[in-house]
Each structure stands twice: as C-alpha cells, then as structure tokens.
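Participant: Take a look at the following structure, please.
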Amino acid sequence: MSKDRVHTPDEPILCRAAVCFNANQPLEIVDILCHPPKAGEVRVRIVSTGVCHTDAYTLSGDDPEFPPDVFFQTPMVGGHEGAGVVESVGEGVTSVVAAIMSYFAIFLSVVNVNSV
C-alpha cells in the first residue's frame, strides 16, 4: 500500500481523517484505510472540506432528530461538502474520470470508517 499521491484504482490508500469516536467528544486525527471504489462509486482525494453547523450539532449528540444511538455508529467521518481530485472510479461510472477536480455536496453527511 502506497503512502504517496499516485495510486492504482484497485489498491487501498492510507488517509488522514478527523474521526468521531464518541458523540460530544473532540474529533481525533487518525489514519484510515480507504478501499477502492465499488461499482457506481467514486473515490475523491479531498483537498478542502469543512464540517457544517448541522453536522457539528448532530455529532454533539444533542440533535433530537438524529440521536447517536439511532442515527449513527462510531467511529465515523463527518462532513458532506468539499473539493478534491477524483482519485479513482468504480465500474460503470461514466460521469467523471480520474484526475479531474471535483466539488461536491452530498446529502448523506456521515459515513462509517475503520481506523487503521
């Protein structure tokens, strides 16, 4: 597994991420393993991102619409807005290609991760 910025589409990559391990606790910067994209998925090397107020409120554990025991499981990476470079694409993806700049805002703001 390579740590540099040149990867093959079928190998996992080691990334740094701000991870929530428990609601209402500071995010921790850790290494995570990002697996190759599956069919219909795109893997983006993030250049810039942020955590919006709604995500921060949800991660605090105080949001009654998304209680921690119902809405999410930890560990997780929050954030749903960002900019980056398409690193690789899964089978069947035709709307983007690797090595193009991408700006995104997705509805699903929190995804589960496995810490390395």
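Participant: Taking interchain pairs and intrachain pairs at least six residues apart, which have beta carbon atoms under 9 angstrom, with the first residue in region 48-72 and among the charged types (D, E, K, R) and the second modelled with pLDDT under 80 and assigned to a loop (DSSP other than H, G, I, E, B)?
Facilitator: Every condition considered, the pairs that remain are Asp55/Gly78; Asp55/Gly79; Asp55/His80; Asp55/Ser109; Asp55/Val110.
Participant: Taking region 1-34 as the region of interest, how many residues are at pLDDT below 85 and basic (Lys, Arg)?
Facilitator: 2
Participant: Given the structure, is Arg45 at pLDDT below 85, over 13 Å from the mean Cα position of the chain (by Cα) and among the basic types (Lys, Arg)?
Facilitator: In short, no.
Participant: Please verify whether region 8-28 includes one or more residues that are β-branched (Val, Ile, Thr), touching a Pro at 6+ places or on another chain (Cβ under 8 Å) and either over 30 Å from Thr94 (Cβ atoms) or free of Cβ contacts under 8 Å to residues at least 24 places away in the same chain (or both). Quick ask: steps written out before the conclusion?
Facilitator: Applying the first criterion (β-branched (Val, Ile, Thr)) to region 8-28 yields 8, 13, 19.
Those still in the list that are touching a Pro at 6+ places or on another chain (Cβ under 8 Å) too: 19.
Those left that are additionally either over 30 Å from Thr94 (Cβ atoms) or free of Cβ contacts under 8 Å to residues at least 24 places away in the same chain (or both): 19.
Yes; the residues of region 8-28 include at least one that is β-branched (Val, Ile, Thr), touching a Pro at 6+ places or on another chain (Cβ under 8 Å) and either over 30 Å from Thr94 (Cβ atoms) or free of Cβ contacts under 8 Å to residues at least 24 places away in the same chain (or both).
Let's see how each residue does on (1) loosely packed, with under 14 Cβ neighbours inside 10 Å; (2) at pLDDT 85 or above; (3) not aliphatic (A, V, I, L, M):
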site	(1), (2), (3)
Pro36	no, yes, yes
Asp55	no, no, yes
Leu59	no, no, no
Glu65	yes, no, yes
Val77	no, no, no
Gly82	no, no, yes
Glu91	yes, yes, yes
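The values are calculated or read from the model by the stated rules, or taken from the named source; none is laboratory data. Worth saying up front: this structure is predicted, and the values here are computed from it rather than measured. Note that each Cβ is placed from the backbone with ideal geometry, even for glycine, and that neighbours are counted across all protein chains shown.
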